[in-house]
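Worksheet: the structure to be examined is printed underneath.
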Amino acid sequence: MRIFVTGGAGYIGSHVVKALGSLGHEILVYDNLSTGHSWAVLYGRLVQGDLANAPFLEATLAAFRPEAVIHFAASIQVEESVREPLNYYGNNVANTLNLLAAMDRCGVRNLVYSSTAAVYGIPETIPVSETAPLSPINPYGASKVMVEGILRDLAKARPFCYIALRYFNVAGADPECRIGQAYAEATHLITRALKTAKGEYESLSIYGTDYPTPDGTCIRDYIHVNDLADVHVRALEHLMAGNGSDVMNCGYGHGFSVKEVVAAAKRVTGIDFPVLETDRRAGDPPALIADSARLRNKTGWAPRHDDLEFIIRTAWEWEKGNRKENR
Ligand code: UDP
């Protein structure tokens, strides 16, 4: 199958490209390399382009004639979205409209879309299922809710089908260690903890210890990036088999607190790195855990790496080998 992948040079995108490429699919990655890296694209062709450049985007799509699109390219940091909402609505909503309009004109009718657990805001029940109310508490989550609404409307108006995958907390690296998380600034907990263990930061801040959770720190459902890559392969197969549009949570169904993750990172690295307890970070819900029954039942997906220490170990191997000259 020919698959057009926006953001395929990024962290999750590059793992999905690897999974699809190793199955023999023909891939074109469209990425502006703002946070992605050309070395991370292990299969297919990379076109450096911006989703804001609508004519170039459409010309690239029209020339490739894909059967499906997977749309990763987006801004993803909760705190930054609170500070810079216009950037988030511009990049995540307006640029997605460019992509959907180009797909519409080129007759590309299948999309796998990267959504997020941030669409739920502070869920009333945990684990949270796809039918829970959508009430995001930050512009990042709100931008993803908007796009999900646009996709729903488009699927009513056109012979267009999509699967929106609501990611919980993605972490770890490919065990072969050729790709992994490589942002200029580490903001995600596990990466930040490991870079602190490496000495790149003086200390790790725990953002808030007064949440209504057993140890007072936020709880998240951490999923290994290769399990999430497998979710995309299965979601695409499900979509192409004509099962119609859907929305699916992607997580393991249980969570760990920030303090538990920090303890696991210390065990895996063997380094007792400095930790500070600081104020809450803007926009963080206390707990997010996925009810992923729909994903498992409909696509047959099952986790292979549901093990926090394995997740951290693969991220640690990547961090240790990820020297600057590789970038
Ligand atoms: N967190 C933290 N210190 C850090 C980074 C994150 O305490 O240096 C906390 C953050 O407040 C949240 C959890 O770890 O409760 C997961 O944050 P992350 O940025 O990894 O993912 P998010 O849940 O925001 O997508």
- [ ] Considering every residue within segment 242-254, establish whether at least one is closer than 23 Å to Val119 by Cα, in a helix (DSSP H, G or I) and not aliphatic (A, V, I, L, M).
- [x] no
Task: Pairs where the first residue, in segment 282-301, is surrounded by fewer than 16 Cβ atoms within 10 Å (Cβ to Cβ) and the second is at pLDDT below 95, C-beta under 7 Å, 6+ apart - done: Ala282/Glu79; Ala282/Val82
TODO: Six or more apart or on different chains, Cβ under 8 Å: which pairs go from a residue in segment 1-22 that's closer than 11 Å to Arg45 by Cα and free of Cβ contacts under 8 Å to residues at least 40 places away in the same chain to one that's outside any helix (DSSP H, G or I) and among the acidic types (Asp, Glu)? Could you list them?
DONE: Ala9/Asp31
Task: Residue that is most open to solvent (accessible area, probe 1.4 Å), among those in segment 185-237 that are part of a helix (DSSP H, G or I) and near the ligand (Cβ under 9 Å from one of its atoms) - done: Arg192
- [ ] For residues that are of a type in the set (Ser, Thr, Tyr), assigned to a loop (DSSP other than H, G, I, E, B) and under 16 Å from Arg220 (Cα atoms), tally how many sit in segment 112-145.
- [x] 2
Open item on the list: Take Lys259 and tell me if it is within 14 Å of the ligand (Cβ to nearest atom) and either assigned to a helix (DSSP H, G or I) or under 19 Å from His224 (Cβ atoms) (or both).
Closed with: yes
TODO: Note down all Cβ pairs under 8 Å where the first residue falls in segment 148-172 and is in contact (Cβ under 8 Å) with a residue 24 or more places away in the chain and within 30 Å of Glu319 (Cα to Cα), the second is within 16 Å of the ligand (Cβ to nearest atom) and among the basic types (Lys, Arg), and they're at least six residues apart or on different chains.
DONE: Phe168/Arg220; Asn169/Arg220
Task: Where a residue in segment 69-86 is closer than 24 Å to Ile163 by Cα and its partner, wherever it lies, is away from the ligand (no atom under 16 Å from the Cβ) and open to solvent by 50 Å² or more (accessible area, probe 1.4 Å), with Cβ under 7 Å and at least six apart - done: Ser75/Asn87
Task: Matching residues in segment 146-162 - criterion: being among the acidic types (Asp, Glu) and either part of a strand (DSSP E or B) or touching a helix residue (DSSP H, G or I) at 6+ places or on another chain (Cβ under 9 Å) (or both) - done: Glu148
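The values are calculated or read from the model by the stated rules, or taken from the named source; none is laboratory data. Predicted model, so just to flag it, every value in this text is computed and none were measured. Heads up, the Cβs are rebuilt from the backbone with ideal geometry, glycines too, and the neighbour counts pull from every protein chain shown. Ligands, DNA and RNA are excluded from the accessible area calculation, which covers all protein heavy atoms including side chains. Shrake-Rupley method; radii C 1.70, N 1.55, O 1.52, S 1.80 Å.
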